[in-house]
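J.: Just dropping this structure here.
The values are calculated or read from the model by the stated rules, or taken from the named source; none is laboratory data. These numbers were taken from a predicted model, which means no experiment stands behind them. Cβ coordinates were reconstructed from backbone atoms using ideal geometry, including for glycine residues, and neighbour counts include every protein chain displayed. Side chains are part of the model used for accessible areas, which takes the heavy atoms of the whole protein and leaves out ligands, DNA and RNA. Shrake-Rupley method; radii C 1.70, N 1.55, O 1.52, S 1.80 Å.
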Amino acid sequence: MEHAMPIRLLAIAFLLLGSLAAPAQTPWKAGAGKVVITPDRPMWMSGYGSRTKPAEGTASELYAKALMLETAAGERALLVTFDLVGIDRDTSQALIQAIRDKHPMPRERIILSVSHTHCGPVVGRNLRAMYFLDATQAKRVDDYTDGLPTLVLKAVDQAAKNLAPARIESGKGYATFATNRRNNKEKEVPALREAGKLLGPVDHDVPVLSVRDAEGKLQAVVFGYACHATTLDFYQWSGDWPGYAQAEIESAHPGVVALFWAGCGADQNPIPRRTQSLAQSYGKELAQAVESVLRAPMKPVAASLKARYEEIPLPLSELPTREKLAEEMRDPNKFIASRAKLLLEEWKTKGELPQSYPYPLQAWQLGDELTLLTMGGEVVVDYSLRFKKEIGDIWTMAYANDVMAYIPSARVLKEGGYEGATSMIYYGLPTTWSPRIEDLIVDASKRLVGEVRK
Ligand SMILES: [Zn+2]
């Protein structure tokens, strides 16, 4: 038919006009902020029991960063990330209190999350049996910890002030430097990688969340990766590869705040390691994975957020007797002796040792599209792999809200070793976790996810 063509063209023109005239899809409000949290004096560094002196300088600044979200219904939520090795329960509660006093929000709508950089300061009582601090150093740790809420509020205030219409999208990239450190000897890793013979479970996904304004300009990026931030062990403050990855993204997009969260990487290391150029190249690799997600079409996330937070009593195995602890006080291993001393003090104040630990789990459902589960502690990779298999597409953040210990799976607990057993010493916990740990955590996580997906 001869007039078919013009009509079709007209229809296309209308469609084009329609899309041009349509309001920009910015159903969310979002704002980000950041603040430097690098200690201003030589403090003891966290993460390694082998350190012999305080920090001697700054290789790269440490940050606390905040992303505030507001749904179409006007409900707010907040993610705060830190370039720190860990925060203990008391510090976490102080931070939450300070935030909620100024920015009232239900507890379940706030996530605190650390990158686990091993070139950050000792904070509160995190890894409390690992350090032997003199009075000056102990005071510096207390001062730093006490000052953290005021500092962090600066980033949160900025985020609140910057709240503006936004669209949020999600996507997934890939980076391969995380290596299972239990199943491969560090020295053999380069040759094994070359031969494609690396062993053990890994999770190489790079979940990415983008925040863009009405013009489509990037405002903030949130991304995760499941690996220890242990490339570096020198005496300089540094965010290690997560710090370099965030800096790389921020310098490629001036004005953007990039927030990193650590996944279930408790049994994963960046290997090879121990040089700054390696830390930088892992950071670059991760930043490139994020950039390739940002360049491709991403999945829009509708402007609703449902949240749940719960602390489940996570049981320990059989507790030591007082006699056993008294004996351990004289143990030639100084960390075992240090833990025994702390536990006997705790026994004295509380009248007993707790048989379980209040373990934090949290679930966020953003739109219908995105489920984020947060877990406390240093969680091994088996958990995120199991959730992907049993729950489907879900992001699992570890090192969130409280870093009280390693969280082994049933398999890793049974195998023992550092992540399954001996790491409990440095965290000042009296014994290993109960063999029921994995089932208890998985059941509670599935329940929370079920509730936010309803
Ligand atoms: Zn660790």
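J.: Given points 7 Å out from each Cα along the Cα-Cβ axis, report the Glu327 to Lys341 separation in nanometres with one decimal.
T.: Going from the Glu327 label point to the Lys341 one covers 2.1 nm.
J.: Under a plain spin-label model, where a point goes 7 Å from the Cα along Cα-to-Cβ, how far apart in nm are Lys102 and Lys334?
T.: Result for the modelled spin labels: 3.9 nm.
J.: Which of the trypsin sites (Lys or Arg not before Pro) found in the range 125-233 are in a DSSP loop and have at most 14 neighbouring Cβ atoms, other than their own, within 10 Å? Intermediate values should be presented prior to the final figure.
T.: Values: sites: Arg125, Arg128, Lys139, Arg140, Lys154, Lys161, Arg167, Lys172, Arg181, Arg182, Lys185, Lys187, Arg193, Lys197, Arg212, Lys217; in loops: Arg125, Arg128, Arg181, Arg182, Lys185, Lys197, Lys217.
Answer in residue order: Lys185, Lys197, Lys217.
J.: The range 188-220: which GluC sites (Glu not before Pro) are DSSP loop and have at most 11 other beta-carbon atoms within 10 angstrom?
T.: Listed in order of number, the matching sites are Glu215.
J.: Pairing the Cα long axis of helix 334-350 with the longest principal axis of the chain, what angle in degrees results, from 0 to 90 and rounded to the nearest 10?
T.: Computed tilt is about 90 degrees.
J.: Now for a separate question. So what's the angle, to the nearest 10 degrees on a 0 to 90 scale, between helix 276-295 and the longest Cα principal axis of the chain?
T.: 30 degrees
J.: For the range 139-241, what % of the accessible area comes from carbon and sulfur atoms, probe 1.4 Å?
T.: Accessible surface attributable to carbon and sulfur in the range 139-241 totals 52 percent.
J.: Still on this structure: Pairing the Cα long axis of helix 381-390 with the longest principal axis of the chain, what angle in degrees results, from 0 to 90 and rounded to the nearest 10?
T.: Long axis of 381-390 versus the principal axis of the chain: about 40 degrees.
J.: Eight or more residues apart or on different chains, and alpha-carbon atoms under 29 Å: count the Lys pairs in the range 323-454 matching that.
T.: 18
J.: Rounded to the nearest whole Å², what accessible area per residue is found for the chain with the 1.4 Å probe?
T.: With the other protein chains kept in place, the chain gives 43 Å² per residue.
J.: Can you tell me the length gained on complete extension of the stretch Tyr174 to Lys154, counting 0.36 nm per residue apart and subtracting the Cα distance? All intermediate terms of the calculation are to be shown ahead of the outcome.
T.: Values: separation 20, 0.36 × 20 = 7.20 nm, distance 3.29 nm.
Stretched out fully, the Tyr174 to Lys154 stretch lengthens by 3.9 nm.
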